[in-house]
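Reading through the structure tokens given below for one structure.
The values are calculated or read from the model by the stated rules, or taken from the named source; none is laboratory data. Nothing here was measured: the structure is a model prediction, and the numbers come from that model. Don't worry about glycine lacking a Cβ; one is built from the backbone with ideal geometry, like all the others, and counts go over all protein chains shown. With ligands, DNA and RNA removed, areas are computed over all heavy atoms of the protein, side chains included. Shrake-Rupley method; radii C 1.70, N 1.55, O 1.52, S 1.80 Å.
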Amino acid sequence: MAQMIPVLTEGQLRAFRSRAEARFYEVCRDQLPNNVVVIHSVEWIYRDQQGRVREGEADFTILIPQSGVFAVEVKGGGIVYDALAGKWYTVDRTGQRNAIKDPFKQASSERHALLYQLTGHPLWRQWRGTRLTLGHAVVLPDINDSASIQGPDRPREIIGVNDDLRAVGAWLDRVVRFWRRQGDDVLGVQGVRLVEDILCRSIEVRPALRATIDDAELQRLRLTANQAKILRTIGGRKRAVVSGGAGTGKTLLAVEKARQLAQNGLTVLLLCYNRSLADALAVGLQNEHQVLVLSFHQLCDRRIRQAQQATGRNLMEEAADAYPGNSDQHRFDVQMPYALALSNELLEEKFDAVVVDEAQDFSDEYWFAIEELLRDQGAGFLYIFIDENQALYPRHSNLPVRDEPYHLTSNCRNTTPIHEAGYVFYAGEPIDKPDLPGPVVVHIALDGDDAQADAIVRQVRQWVCDEGLRPEDVAVLVAKRPKSHLYDLLQQRRRGTGVVWAVESHGRNRSVLVDTVARFKGLEAPAVVLWLGDEVVDDAQWETVYVGITRAKSLLCIVGSPKALKALRAKQLHHSALAASH
């Protein structure tokens, strides 16, 4: 049995448009010895002796180690040659003629193309022979007599008909004897392998990660457009809650809703919890002059300063008198929201609409002051976007909108492997897996901060220096304490790596961001290294892991101790077992 390239199933052969080619494939496969290689439908581009670029294709190329290389053209149906007109035709079962190219000229052209293709390739210099036997033939499986076909350039020896296929090996020996010249070297096993490599070597080229990311981004844009239907569903409702897991497009929809309201002539306050996210959204909405984008505590600071300037009252002192306490947490969670509420009694600045992203991190104490920012609390617009699975900061959830939330159910940020890694930690309305294939998540388990820092530098350097990612496409997110020590370890490894770190400094060109998961919440990056600490899994702070993983859009590497990654794996296995039981 000959070695066939490609190996085709019976189903694939039945599906051939040319039954003649399928039959020739079958007889070669079944009758020729196993040291013969038969290549079906190989194509090539080559430059001829005049320097012109040519394209070539052979129905079959047969490699015989004891002799040489032979191009075979196969034509099915009846064959007619009109000598007066010099034209060739196939004839179907109904007698209908169809003009075709001269099959013998085609085969001859294929032989010359093979010569140029082989001898012009650098690999061919490795062949141990000097002169190669190279020939061509034409097979006409549906005719029984070649007499009417023969001519000076069409000798019987290179024509195969129906009877020849009953003993294709004997026919091929006749073709070889016709073409083989005295002094020709045998192709040999080495020559067969060289021809295979030149004509049809298997090639697997992994796409550059930059291209992978770009392709995924185009798909995300399409997926995100599908999420816009929620805006139509909300319609003219004055108040609504939109809920969804990480990557479901909540922030994009919040921004789009703010934009729509502003374009309808309304003044809009777009709030979120994370300062870095607020800064990023503000840049994106800088041309929407009716929209003010702030984090919640930026808003508090702004209103406290405005009240001081307008009335001379120090609202933070009043808040401290009303709710004594010295901790930063108490200041942020109690005193500043109270000062904001006091400012609403003093300042005229109000808004027609308030849009809140990251609402899961807003405590009950915030909402009273937020509602009072509306110019008309009865007719004003209030839209809340929330992922209750992302509550990194302990909060209550008495939202000022009592209606059932609208649920976003499709992840349009993460690739499938990242979604599967992150949604192990998700509890809520089911979220559809994205149709975004991507590289597997990389896990690196090492003991010691120094070894982990080394691994992070290697991974980032591979992405940026070897795989072509832009430094600003990459974020190293820390879920481990103390962060300052970890930042220092990375900075110490900056020299000689070609990597520039931007520590807690967003938006710097040609720099890799290094930040905490909490500070990066609500944001995303094409490639993320998540530096995981034992304390996160010991304290079962799975929300931090969930947030950190789902910040990555296309590439994710998780680095931590063997203990931390073992706990991560156990969580994933438990989730898989639960899913299987349902």
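By DSSP, the beta bridges lying fully in the chain are antiparallel in about 30 percent of cases. Estimated at 0.36 nm per residue, the fully extended path between ASP321 and ASN509 surpasses their Cα-Cα distance by 63.2 nm.
From its DSSP helices (H runs of at least four residues, each -39,500 (n - 2.57)), the chain gives a residue-normalised ellipticity at 222 nm of -11500 deg cm²/dmol. Counted by Cβ distance under 14 Å from LEU446, the other residues give a net charge of -1, where Lys and Arg count +1 and Asp and Glu count -1. Computed with a 1.4 Å probe on the full set of protein chains, the accessible area for MET4 sits at about 20 Å².
Probing with 1.4 Å while keeping every protein chain in the model, the per residue accessible area of the chain equals 48 Å². The distance separating the Cα centre of region 152-185 from that of region 228-298 comes to 77 Å. Across region 249-364, C-alpha contacts under 8 Å between residues 6 or more apart give a mean separation that, scaled by the residue count, equals a relative contact order of 35 percent. What's the angle, to the nearest 10 degrees (0 to 90), between helix 562-581's Cα axis and the longest principal axis of the chain? Relative to the chain, helix 562-581 is tipped by roughly 80 degrees. Cα centroids of region 455-484 and region 513-534: 10 Å apart. With a simple spin-label model that places each label point 7 Å from the Cα along the Cα-to-Cβ direction, the separation between HIS297 and ALA15 comes to 6.1 nm.
Estimated from the Cβ-Cβ distance and a Förster radius of 30 angstrom, the FRET efficiency linking ARG232 and PHE368 is about 0.45. For trypsin sites (Lys or Arg not before Pro), the sites in region 465-540 that DSSP calls loop and that have at most 16 other Cβ atoms within 10 Å are ARG494, ARG495, ARG508, ARG510.
Straight-line reach from LYS566: which aspartates and glutamates have a Cα under 20 Å away, not including same-chain ones fewer than 8 places off? Reachable aspartates and glutamates: GLU420, ASP447, ASP449, ASP450, ASP534, GLU535, ASP538, ASP539, GLU543.
Against the chain, whose longest principal axis is taken from its Cα atoms, helix 449-461 shows a tilt of about 50°. Bridging of LYS257 to lysines at a Cα separation below 27 Å is possible for LYS229, LYS238, LYS350, LYS433, LYS521, LYS553, once same-chain residues fewer than 8 apart are set aside. HIS574 exposes around 100 Å² of accessible area when a 1.4 Å probe is run over every protein chain in place.
Net length available on complete extension from ASP185 to SER41 is 49.2 nm, with 0.36 nm assigned per residue and the Cα-Cα distance removed. Counting only residues at least eight positions apart within a chain, or on another chain, the lysines with an alpha carbon under 20 Å from that of LYS563 are LYS480, LYS483, LYS571. For region 59-202, the relative contact order is 30 percent, taking Cα pairs closer than 8 Å that sit 6 or more residues apart in sequence and dividing their mean separation by the residue count. Expressed as a whole percent, the accessible surface of the chain that belongs to carbon and sulfur atoms is 48, based on a 1.4 Å probe.
Model label sites at VAL91 and ARG177, defined 7 Å from Cα along the beta-carbon direction, differ in position by 3.1 nm.
Heavy-atom accessible area with a 1.4 Å probe sorts SER410, SER295, largest first, into SER410, SER295. Projected onto their three principal axes, the Cα atoms of region 325-365 cover extents of 34, 26, 13 Å, largest first. Segment GLN260..ALA379, full-extension length gain: 41.1 nm, with 0.36 nm per residue of separation and the alpha-carbon distance subtracted. Placing VAL80, VAL528 in order of accessible area, with the largest value first and a 1.4 Å probe, yields VAL80, VAL528. Using only Cα atoms, tell me the angle between helix 19-31 and the longest principal axis of the chain; keep it within 0 to 90° and round to the nearest 10. Tilt of helix 19-31: around 80 degrees. Contact order for the chain, expressed relative to its length and based on alpha carbon pairs under 8 Å spaced 6+ residues apart, stands at 11 percent.
A compact globular protein would have a Cα radius of gyration near 2.2 N^0.38 Å; the ratio found for the chain is 1.45.
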